[in-house]
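Accompanying notes for the structure given below.
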Amino acid sequence: MLQKTCISIIVMLMLTSTLSANDSTWVEHEMTFTTSDNLTLHYWLNRPTSTNSTDLIILLPMMGQTHKSYGQFIEALGRQLDLGTETSSYPFIVSFDLRGHGKSTTVDSVQLNYRNMTPEDFAKLPQDIAEATISLLQNKEIGLSIDSIIVVGASIGANTTAILSRKLDRIKSMVLLSAGENYRGLRPAEAIRKYNGKILMYAGKQDNYSAVSTRELGRLNKNCKVVILDTADHGTRIINNDPDAMKQMIRWILSESTR
């Protein structure tokens, strides 16, 4: 049985790093969810203030990073939407601290750190996100009405994203940044092969394992677009250090949200 979402609105921050042409932006709420094995999972819901969007973007960080690693993406997405040239509305955005990362480190009274997690611990990542997302969507007090979900994952978050597609309905498309054929026991090949939506995959040419894995995984699905960039950057560093890569990814996401 899914556990009840515990909402603790610790922060309500207006993302005002750029001015909004149409007074639309997000308000951020920090929230927690207790998983089936009693992990306190922390995530952040960015709610658009002036639209009733039916789109949700889920952001899963890479190993060693927290939800904050997607701060530049959220700001860049806001700037693009502020231009008023897109037909997409401002989506809801949920960004997670994965199991063993950031604030998501307490199982009962035991502390968990990704550095000493076992393959069995990592195997729980997709189920963590599925449980929390289903609970969020079913929470009548929050009142989300979501038709489609786009998931962006980096490194182990990319592998988690692919496997999540087998556990969570309404995932319309996925972005996989530096996916691997096997990260800590998470193998995404079968999920990618069976996925019916669109997939965008990024990897750096000098990040050899991810580049080789991305090419191989991309061959498994005809709806997969593979982009190999001339960089050694890994995961979210690819988009955070390359404005063109960020812009192209955002345009792809927005084009998918309007299909």
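Data for the structure
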| read-out | value |
| --- | --- |
| Residue count for the stretch 70-95, restricted to those that are touching a helix residue (DSSP H, G or I) at 6+ places or on another chain (Cβ under 7 Å) and at positive phi | 0 |
| Condition check for residue 66: among the hydroxyl-bearing types (Ser, Thr, Tyr) and closer than 27 Å to residue 186 by Cα | yes |
| Selection count where residues are in contact (Cβ under 8 Å) with a residue 40 or more places away in the chain and charged (D, E, K, R), scope the stretch 171-194 | 2 |
| Lone unmet requirement of (1) part of a strand (DSSP E or B); (2) modelled with pLDDT under 95 for residue 144 | (1) |
| Whichever residue in the stretch 171-224 is among the aromatic types (Phe, Trp, Tyr) and under 22 Å from residue 250 (Cβ atoms) and, among such residues, is surrounded by the most Cβ atoms within 10 Å (Cβ to Cβ) | 202 |
| Close pairs (6 angstrom Cβ cut-off, 6 or more residues apart or separate chains): closer than 18 Å to residue 33 by Cα in the stretch 108-121, of a type outside the set (Lys, Arg) and surrounded by fewer than 17 Cβ atoms within 10 Å (Cβ to Cβ) anywhere | 108/38 |
| Sole residue being under 17 Å from residue 161 (Cα atoms) and touching a residue at least 12 places away in the same chain (Cβ under 8 Å), chosen from 43, 90 | 43 |
| Residue count for the stretch 195-213, restricted to those that are touching a residue at least 12 places away in the same chain (Cβ under 8 Å) and farther than 14 Å from residue 226 by Cα | 6 |
| Strands (runs of 3 or more DSSP E) wholly inside the stretch 13-61 containing at least 1 residues that are within 18 Å of the chain's Cα centre (by Cα), modelled with pLDDT of 95 or more and among the charged types (D, E, K, R) | 26-34 |
| Number of positions in the stretch 244-257 that are free of Cβ contacts under 8 Å to residues at least 60 places away in the same chain, out of contact with any strand residue (DSSP E or B) (no Cβ under 7 Å at 6 or more places or on another chain) and either over 13 Å from residue 200 (Cα atoms) or crowded, with 19+ Cβ neighbours inside 10 Å (or both) | 1 |
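The values are calculated or read from the model by the stated rules, or taken from the named source; none is laboratory data. Note that the coordinates shown come from a computational prediction; the quantities given were computed from them, not determined experimentally. Here the Cβ is made from the backbone with ideal geometry for all residues, glycine too, and neighbour counts use every protein chain on show.
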